[in-house]
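Heads up: the structure comes next, in structure tokens.
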Ligand code: UDX
């Protein structure tokens, strides 16, 4: 099929590359000239497993203007929807994209479907996107269709997640819109749920809120287990055999970060409050997560005075396999260490450059050098941290690196 993808951020670029690999003709539109140039040179400007290889194999036309996008069968809106200062989702990029699209839609006669893939709160597609698209003079359901189809890509395995989704969700304005989008997925072996627009929007937010809840839940159990001298990971293993609970997302530690879980949880909370509903469980999941990482500092203070001490951070990214440090617990931890007057050194195999922009005062060094610090905090569970020699060291572990247990003083955050 002929597909246009608006926004070549994380989601847009991965989807565009994967759909091109599956034989579709892809045009990517992005306002960022550097990104566009990189994509036209078949280079991934961001790190994601397999992405670079795919971009070398396919042809994608990337451009900064919207000319011709309505010649496509399907137009996927994949622009960023970050948190604003109130915790709501900022609709700036999606409004701009819809407005530019509406201009391009004027006078077009071929039928196409506009699909919102960006994460938005329930009602956004109907109340914000569709009215803008209708400014084109085209009639929804006749001249063009609309769907909302959220993505559930996980960083570090986004390509695999796209190619082999656990489920595909089509929120559809009408049957014709959904039927057109179905054609794109006819070769996918995944359950497809066809529903209305706002239900699709909620499925995405509720899924991420559930994952966040699962993590805060096991962290709470973990904090309790630590006090009782029980191994949280054994508890999680025992729980996970029950299919109703499931074994995934039960790794206790310093909490969840990244570009999605914290943002989407905040968005669901603020949008609930805007309609007069106070979501107590969701609020507690968020508040709990904000504090969990700082437990690492409390544990550290039991063993060492922080003022003037050299503290080494192993890992900075919000999880292994990515250079993304958005909302990483490492940020809160570094801030707290500086407040306590510590000298901070850090190592991360991928995220150091990104972290340096936020914390230029940290000394970024090798993992071996981190071992020479007065104490070591493990922030990200990079596999390579299992090969270090921790003997004689003080280690406070936020991620359960088993090898670190050989340290002279070892404390796990929840075990
Ligand atoms: C998440 C969702 O998984 C994905 O479906 C959605 O589309 C985007 O948000 P991602 O942000 O890439 O994906 O990371 P994920 O693997 O979900 O991890 C999020 C955070 O939770 C990380 O900081 C991770 O360390 C933490 N986590 C995850 C735990 O602390 N314990 C776990 O058991 C699992």
Restricting the search to region 210-252, which residues are under 16 Å from residue 415 (Cα atoms) and assigned to a loop (DSSP other than H, G, I, E, B)?
229, 230, 231, 250, 251, 252
Restricting attention to region 8-24, and to residues there that are within 21 Å of the chain's Cα centre (by Cα) and assigned to a loop (DSSP other than H, G, I, E, B), which single residue is surrounded by the fewest Cβ atoms within 10 Å (Cβ to Cβ)?
9
Lone unmet requirement of (1) within 16 Å of the ligand (Cβ to nearest atom); (2) in a helix (DSSP H, G or I); (3) under 29 Å from residue 22 (Cβ atoms) for residue 166:
(2)
With (1) more than 10 Å from the ligand (Cβ to nearest atom); (2) under 25 Å from the mean Cα position of the chain (by Cα); (3) touching a residue at least 24 places away in the same chain (Cβ under 8 Å); (4) surrounded by fewer than 22 Cβ atoms within 10 Å (Cβ to Cβ) as the list, and residue 251 as the residue in question, which single condition is left unmet?
(1)
Restricting to region 25-35, what's the tally of residues that are within 24 Å of residue 353 (Cβ to Cβ) and surrounded by 20 or more Cβ atoms within 10 Å (Cβ to Cβ)?
2
Please give the number of the condition residue 321 fails out of (1) over 27 Å from the mean Cα position of the chain (by Cα); (2) on the phi > 0 side of the Ramachandran plot.
(1)
Suppose the filter is farther than 28 Å from residue 266 by Cβ and within 16 Å of the ligand (Cβ to nearest atom); does residue 349 pass it?
yes
Being at pLDDT 95 or above and under 19 Å from residue 338 (Cβ atoms) narrows it down to one residue among 401, 376; which is it?
376
Members of region 174-221 that are touching a helix residue (DSSP H, G or I) at 6+ places or on another chain (Cβ under 6 Å), more than 10 Å from the ligand (Cβ to nearest atom) and in contact (Cβ under 8 Å) with a residue 40 or more places away in the chain
197, 205, 209, 213
Just to be sure I understand, how many residues within region 231-241 are without any contact (Cβ under 8 Å) to a residue 24 or more places away in the chain and out of contact with any helix residue (DSSP H, G or I) (no Cβ under 8 Å at 6 or more places or on another chain)?
6
Among strands (runs of 3 or more DSSP E) lying entirely in region 52-147, which contain 1 or more residues that are within 22 Å of residue 275 (Cα to Cα) and free of Cβ contacts under 8 Å to residues at least 24 places away in the same chain?
none
Tell me which of these residue 244 doesn't satisfy, since it passes every other one: (1) without any contact (Cβ under 8 Å) to a residue 12 or more places away in the chain; (2) more than 12 Å from the ligand (Cβ to nearest atom); (3) surrounded by 13 or more Cβ atoms within 10 Å (Cβ to Cβ).
(3)
Looking at region 295-334 only, could you name the residues that are more than 16 Å from the ligand (Cβ to nearest atom) and assigned to a loop (DSSP other than H, G, I, E, B)?
302, 303, 304, 305, 306, 307, 308, 309
How many residues are under 15 Å from residue 415 (Cα atoms) and surrounded by fewer than 16 Cβ atoms within 10 Å (Cβ to Cβ) if we restrict to region 287-303?
1
In this structure, is residue 262 within 16 Å of the ligand (Cβ to nearest atom) and touching a helix residue (DSSP H, G or I) at 6+ places or on another chain (Cβ under 9 Å)?
yes
If I ask for residues that are crowded, with 21+ Cβ neighbours inside 10 Å and part of a helix (DSSP H, G or I), which ones from region 377-395 would you list?
385
How many residues does region 313-344 hold that are touching a residue at least 60 places away in the same chain (Cβ under 8 Å), closer than 16 Å to residue 299 by Cα and out of contact with any strand residue (DSSP E or B) (no Cβ under 7 Å at 6 or more places or on another chain)?
1
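The values are calculated or read from the model by the stated rules, or taken from the named source; none is laboratory data. Keep in mind it's a predicted model, so treat the numbers as computed, not measured. Methodologically, a virtual Cβ is constructed for each residue, glycine included, from the backbone with ideal geometry; neighbour enumeration extends over all protein chains shown.
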